[in-house]
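Worksheet for the structure shown next.
The values are calculated or read from the model by the stated rules, or taken from the named source; none is laboratory data. Everything numeric here is computed off the predicted structure, so don't read it as measured data. All Cβ positions, glycine included, derive from the backbone under ideal geometry; neighbour counts span all protein chains shown.
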Amino acid sequence: MIIEHSLHDLAIKLIIEFLHGENDTLMSFIRVSRRFYGFRELCYQRLCLSERQSSYAYNNKPPGWNRVYEMDLDCILIRDLTLFRGIHTLHLSYGRNITDVSPLSQVHTLTIYCCNKLTDVSPLNRVHNLDISYCINLEDVSPLGTVHTLNLKGLHKVRDVSALGSVNTLKISFCNDIRDVSALRRVPHLIVENCNVQIY
């Protein structure tokens, strides 16, 4: 009986893994199957929420809402990001009150868009994939040299990118104050476009 249960559990885990992002199916399994309910945490971790679904989850906070795989939030009224520390892939936009991103240091893939009060990104140096766009008051990106894949777009106050030479994949675009990218010669995958820079 123990072996049979173990095989059933393994089969359930394989099914859940296969259903990554199939939100309706995963939630249906949790509701209708007691065995699947026992694996609800694993099901939550495979949910990919759209912007509408993310907004609903944040406002209503159903079970497991902040342990899903992916969320996409328009975070105009959000200040505290501690509730999102367990998300694998997180997209934040229009966070006009966001100043502290330290709770997101363990997020694997992070997009930050139009968070105009953001000035310190040093806590994000362990994020694997990081996209920062149009955060107009951000000046210093030097702590991000340990990020694997980094996209910087529309950061008009950033001037010095010399500390980013160890980034594996780096894209810089529409950053008008960046003039010199000579320190990035050894970046394996480098794209620089729509910037007033010298390419060596």
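Given the criteria touching a Lys or Arg at 6+ places or on another chain (Cβ under 7 Å) and of a type in the set (Lys, Arg), does ARG96 qualify?
Yes, satisfied.
Could you say which residue among SER173, SER162, SER142 is hydroxyl-bearing (Ser, Thr, Tyr), more than 20 Å from SER105 (Cβ to Cβ), touching a helix residue (DSSP H, G or I) at 6+ places or on another chain (Cβ under 8 Å) and at pLDDT 95 or above?
Result: SER162 is the single residue among SER173, SER162, SER142 that is hydroxyl-bearing (Ser, Thr, Tyr), more than 20 Å from SER105 (Cβ to Cβ), touching a helix residue (DSSP H, G or I) at 6+ places or on another chain (Cβ under 8 Å) and at pLDDT 95 or above.
For region 113-135, enumerate the residues that are within 17 Å of TYR94 (Cβ to Cβ) and not in a loop (DSSP other than H, G, I, E, B).
TYR113, ASP131, ILE132, SER133
Give the residue that is surrounded by the fewest Cβ atoms within 10 Å (Cβ to Cβ), with candidates limited to residues of region 136-168 that are in a loop (DSSP other than H, G, I, E, B) and within 14 Å of the chain's Cα centre (by Cα).
Ranking the qualifying residues of region 136-168, first place goes to HIS148.
Just the residues that are farther than 11 Å from VAL147 by Cβ and either touching a strand residue (DSSP E or B) at 6+ places or on another chain (Cβ under 6 Å) or of a type in the set (Ser, Thr, Tyr) (or both), please, taken from region 163-174.
LYS171, ILE172, SER173, PHE174
When SER182 is evaluated against the numbered criteria (1) closer than 28 Å to LEU49 by Cα; (2) of a type in the set (Gly, Ala, Ser); (3) in contact with a strand residue (DSSP E or B) (Cβ under 9 Å, 6 or more places away or on another chain), which criterion, by number, is the only one it fails?
Every listed condition holds for SER182 apart from (1).
Name every residue in region 92-120 that is surrounded by fewer than 20 Cβ atoms within 10 Å (Cβ to Cβ), out of contact with any helix residue (DSSP H, G or I) (no Cβ under 6 Å at 6 or more places or on another chain) and over 22 Å from LYS157 (Cβ atoms), in order of residue number.
Result: GLN106, HIS108, THR109.
Which members of region 169-191 meet the condition of being assigned to a helix (DSSP H, G or I) and buried (at least 16 other Cβ atoms within 10 Å of the Cβ)?
Once the filter is applied, which keeps residues that are assigned to a helix (DSSP H, G or I) and buried (at least 16 other Cβ atoms within 10 Å of the Cβ), region 169-191 yields only LEU184.
Are any residues in region 65-113 of a type in the set (S, T, N, Q), under 11 Å from the mean Cα position of the chain (by Cα) and over 25 Å from PRO143 (Cα atoms), and if so, which ones?
Those that are of a type in the set (S, T, N, Q), under 11 Å from the mean Cα position of the chain (by Cα) and over 25 Å from PRO143 (Cα atoms): none in region 65-113.
What residue, of LEU19, LEU73, LEU83, is modelled with pLDDT under 70 and within 30 Å of ASN151 (Cβ to Cβ)?
Step by step, each of LEU19, LEU73, LEU83 is checked, and only LEU19 is modelled with pLDDT under 70 and within 30 Å of ASN151 (Cβ to Cβ).
So which residues in region 68-91 are surrounded by 16 or more Cβ atoms within 10 Å (Cβ to Cβ) and in a helix (DSSP H, G or I)?
PHE84
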